[in-house]
Every structure is written in C-alpha cells, then in structure tokens.
Amino acid sequence: MAELAVNGGTPVRSTAYPAWPEWDDRELDAVTSVIRSGTWGGFPEPGTNAARFEEAFAAYQGAKHGVLMANGTVTMEVALKALGIGWGDEVIVPALTFTATAYAPMAAGALPVIVDVEPRTWTIDPALVESAINDRTRAIIPVHLGHQMADMDRLTQIAERHGLAIVEDCAHAPGQQWRGRGAGCIGDFGSFSHQSSKILTSGEGGTLLTGDDELARRAHSIIDCGRAKDPDEKEFTFGANYRLGELHAAVLVVAIERFPEQQRQRAEAGKELERVAAGIDGVRIMPADERITRWSFYNYILAIDPDAFAGRTNETVCRALEAEGIPAEVQYPPMSRYELFQPSLSRLPVAVEFSDRLDPQTMSFPVAEAAGLRESVYLMENVFRDGSRGVQDVAEALAKVQRHAGELPES
Ligand SMILES: Cc1ncc(COP(=O)(O)O)c(C=O)c1O
C-alpha cells in the first residue's frame, strides 16, 4: 500500500494551516471609511492613510522616513533614480532572488551585475561583491532572503570603502533587525513589498525607508509624476505615477498594528522548527545568522541533500510535502535561468546593449544553481502561525518523504 500522500497514502496533515492574509472587521471598517470619504486615490501624495502607514512602519523599523508606493519592484527603481543612478552605471545584485531585484537597475537604465550567494545563508557573497566592483559600479542591492539577512557588516564596509550606495531588498524582511538596527535602515534605502503573499500586505504596495531627508523628498517626487515636494521648489523633476491608492494604504494601517504579534508567533515557531527538524536525514537547517536580533521572516528556507532523497530534487520533494499537507515551494531559480536576462528574449535596451555580459551561457553561479535547482525548500509563512503542532507536522512530513524517497517519481 502507498505510504506517501503523493502516491495515494494518508497525508501527515489533513487540516489546513491558518489562511493568509488575516483580516476582520478592522480592515472592513478601514476600507469602508475610505470609500465613504470619496478620496480613493493616492493624490495628493501622500494621502492621509499613506502618511499614517509611512510613519508607523518607519517607526517600527527604526527609519526616519517611509515612502509608500505601488509595489516592491518600483521601490528599488525609484531608490536608484533618487540616488542618481542610471545609464552607464552598474549595480551588483545576488544570483538567488526574485527577478525584481535585477529588473530594477534595468528599469533605471543601469546594468545589473549578478554575483553568487554564500553557501551558509544563500544571501549575496560579500567577497564576490568586492571582486565585481569596477569604476562604473554605483550600488549594491543585497537581498534579505527567506529567514536570513545578508551580511550587512561586510557589505557596509565594502560600500564605504568604494563609495557605493546600498539599497536593501527587504521584500522578505519586515520586522527583521540586524544588531538592533531594522532591516532597510542600514543602507541608503530599504525596499519592502506589500504584495499578497508578503507578511505585511495589502494585496499590492511597496515602501521605501530612508534616514536621509533629501533622498526621501526625491523619492516622494519621483513617484508623484515629479511634482516638487519642497515649498521653495517650483519645478517638476523627472517622475511618473507610482502612487498607491488610499484603499490599500488603509489596509496597511491595520496590518502594521497586527504585525508584532504575528512576528512573535513566527519567530517562536521558527526556533522550534530548528530543533525538531535538526536530526532528519538529508535535511540541512541553516540557522538564522546570530547577528539577527529580532527575527521576522516570510519564508523559512531548508536545504535538502538530493543524494539522501534517492536522487530526487527540491521540486519533487516540495510536491510530496504539499501532498502531505505542508505548504512548501521551490521559489527562485538561479538568476541565469530567468528569461528576463536572455538577450534573445528580452527587449530591454540595457539587456541588448550588454548582451555579452548577460548571456546565461557564460554566467555561472554554482551556489545559487545548487540551491535553486536542487536543494532549496521554502516553507510558507502560515506554517509558523500554528504553534508547535504546525512545525512538528513539517518535521514528520520531511522525515516521511525522506524515508520513502525511492517511491517518489524521478526528478
Ligand atoms: C526578493 C523580492 N524582491 C522584490 C519583490 C517584488 O515585490 P513586488 O511583487 O511587490 O513588486 C519580491 C516579491 O514579489 C521579492 O520576493
């Protein structure tokens, strides 16, 4: 008789994990009051709810300014533009991330220079960042991936040494702190996403955090069609409409109130997962970097060893875990596999101009390739909002899939 649920056996878990997003009458009231007000859009920028959220979120992370906008992709494009980065410039990004991290420099007119990640955390490798710097390099975009943060100590030193800007991609990291400083408050800008699956969500949206008055002013202007934001300033500058509407902003005002309790739950369950999954054959736990002082994550990322899973890779294992009732995904392939960077497929001028350097045939990112194509298993955030039972089920399902890996379809 089949054991594995994917082959028709009984799943480890038959009850669903808590749904995401969480909502109740508070969201309904917030949205209703925007509807009644008649001011639905984001103009004049910032709207009342946008300004309230910007202030609350900036305070929670420890930044001076927040700038709310359409999503967590344009945030990075706007950050680069506000820093004066564009055509002829290079921006260093990691090889394991969502496509937006490398799209943003292209949208600003700059070349993304992709470097591999560290084996210990799967975040950008500072040594490779340093060796990729040349006289066109202007910025680094480290990604705080999954439950980790990039090595902000070394990256800050490198940026200072070479006069580079840092835009932290914090799409996964609202709430995280590094040595007591909030994610997004260490570099020149921190970029956050409020897209549906993210842990501080209104369905769509993004926020830039910065400690710099002038950069905040420029970011506000760029997202508001270039309108002047300083009373003394009369002229429009270069910009477009990247504003977020008040309906979304009102939902975020409630979301940030709920956030600290959700963060506490996930961090507690995350620690328990690290304990209960530690001894499972073929499963490598990558504990959160010890310099993370407030732990807050979107996905928890495990590594499987395909040899211990009868040669099956992450995609097959994730399908088997899903069948066991555990929300698990492969998420990101290595950057060299994204179509955006294939010059023959991309029409972006920067991709065409630098086609020799964006050629996937010549790109090699051994760590990101092993992670993305064979090893990474991303556990979704709701696994960590169901207390002890939630993570014990994960451990049981992983051990079961490993024991019966030979029965899984070939990868
Ligand atoms: C690492 C990373 N950066 C950027 C983004 C882009 O955010 P958005 O979907 O809000 O544009 C995402 C997620 O979607 C992401 O996972």
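Looking only at region 252-261, decide whether some residue is aromatic (Phe, Trp, Tyr) and over 30 Å from GLU90 (Cβ atoms). Write out each step before concluding.
Start the filter on region 252-261 by keeping residues that are aromatic (Phe, Trp, Tyr), which leaves 259.
Next cut, over 30 Å from GLU90 (Cβ atoms) only: 259.
Within region 252-261 (the criterion being aromatic (Phe, Trp, Tyr) and over 30 Å from GLU90 (Cβ atoms)), the answer is yes, since at least one residue qualifies.
One line per residue, one yes/no per condition, for (1) more than 30 Å from PRO119 (Cβ to Cβ); (2) among the aromatic types (Phe, Trp, Tyr); (3) in contact with a helix residue (DSSP H, G or I) (Cβ under 7 Å, 6 or more places away or on another chain):
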position	(1), (2), (3)
ASP213	yes, no, no
GLY226	yes, no, no
ASP230	yes, no, yes
ASN241	yes, no, no
GLU246	yes, no, yes
GLU257	yes, no, no
GLN265	no, no, yes
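Any residue at all in region 257-273 that is touching a residue at least 40 places away in the same chain (Cβ under 8 Å), under 27 Å from SER388 (Cβ atoms), in a helix (DSSP H, G or I) and basic (Lys, Arg)?
Yes, region 257-273 has at least one match.
Would you tally the residues in region 386-411 being more than 16 Å from VAL276 (Cα to Cα) and under 28 Å from the mean Cα position of the chain (by Cα)? Please lay out each step first, then the result.
To start, the set of residues in region 386-411 that are more than 16 Å from VAL276 (Cα to Cα) comprises 403-411.
In the following step, the residues that additionally are under 28 Å from the mean Cα position of the chain (by Cα) were identified as 411.
Qualifying residue count, region 386-411: 1.
Return the residues of region 326-345 that are modelled with pLDDT of 85 or more, closer than 20 Å to ALA171 by Cβ and among the hydrophobic types (A, V, I, L, M, F, W, C); say none if nothing qualifies. Talk me through it step by step, then tell me what you get.
So in region 326-345, the residues modelled with pLDDT of 85 or more come out as 326-337.
Pick out the ones that are also closer than 20 Å to ALA171 by Cβ and you get 327-335, 337.
If the condition is that a residue be modelled with pLDDT of 85 or more, closer than 20 Å to ALA171 by Cβ and among the hydrophobic types (A, V, I, L, M, F, W, C), then ALA328, VAL330, MET335 are the ones that fit.
Does GLY66 satisfy being under 17 Å from HIS248 (Cβ atoms), among the small types (Gly, Ala, Ser) and within 16 Å of the ligand (Cβ to nearest atom)? If you could, list the steps in order and put the result at the bottom.
On the way: under 17 Å from HIS248 (Cβ atoms): yes; among the small types (Gly, Ala, Ser): yes; within 16 Å of the ligand (Cβ to nearest atom): yes.
Spelling it out, GLY66 is indeed under 17 Å from HIS248 (Cβ atoms), among the small types (Gly, Ala, Ser) and within 16 Å of the ligand (Cβ to nearest atom).
So, of the residues in region 289-312 that are part of a loop (DSSP other than H, G, I, E, B) and within 16 Å of the ligand (Cβ to nearest atom), which turns out to be farthest from ARG181 (Cα to Cα)? Before the answer, list the steps.
Within region 289-312, the first condition is being part of a loop (DSSP other than H, G, I, E, B), and the residues that meet it are 289-291, 295-299, 305, 310-312.
Now drop any that are not within 16 Å of the ligand (Cβ to nearest atom), which leaves 296-299.
Values: SER296: 13, PHE297: 16, TYR298: 18, ASN299: 21 Å.
Once the filter is applied, the top-ranked residue is ASN299.
Do you know which residues across region 274-286 are under 21 Å from LEU96 (Cα atoms) and touching a helix residue (DSSP H, G or I) at 6+ places or on another chain (Cβ under 6 Å)?
Let us first name the residues in region 274-286 that are under 21 Å from LEU96 (Cα atoms), namely 283-286.
Result: VAL283, ILE285.
Being modelled with pLDDT of 95 or more and either more than 11 Å from the ligand (Cβ to nearest atom) or under 18 Å from PHE192 (Cβ atoms) (or both) narrows it down to one residue among GLY84, GLY88; which is it?
Details: GLY88 fails: modelled with pLDDT of 95 or more.
Selected residue: GLY84, the only one of GLY84, GLY88 that is modelled with pLDDT of 95 or more and either more than 11 Å from the ligand (Cβ to nearest atom) or under 18 Å from PHE192 (Cβ atoms) (or both).
Show me the helices (runs of 4 or more DSSP H) entirely contained within region 97-190 in which 1 or more residues are within 15 Å of the ligand (Cβ to nearest atom) and either at pLDDT 95 or above or more than 14 Å from MET76 (Cα to Cα) (or both). Lay out the reasoning, then the answer.
Numbers: elements: 100-108, 126-132, 152-162.
The helices (runs of 4 or more DSSP H) meeting that bar are 100-108.
The values are calculated or read from the model by the stated rules, or taken from the named source; none is laboratory data. Fair warning: this is a prediction, and the values are worked out from it, not measured in the lab. All Cβ positions, even for glycine, are placed from backbone atoms using ideal geometry, and neighbour counts span all protein chains on display.
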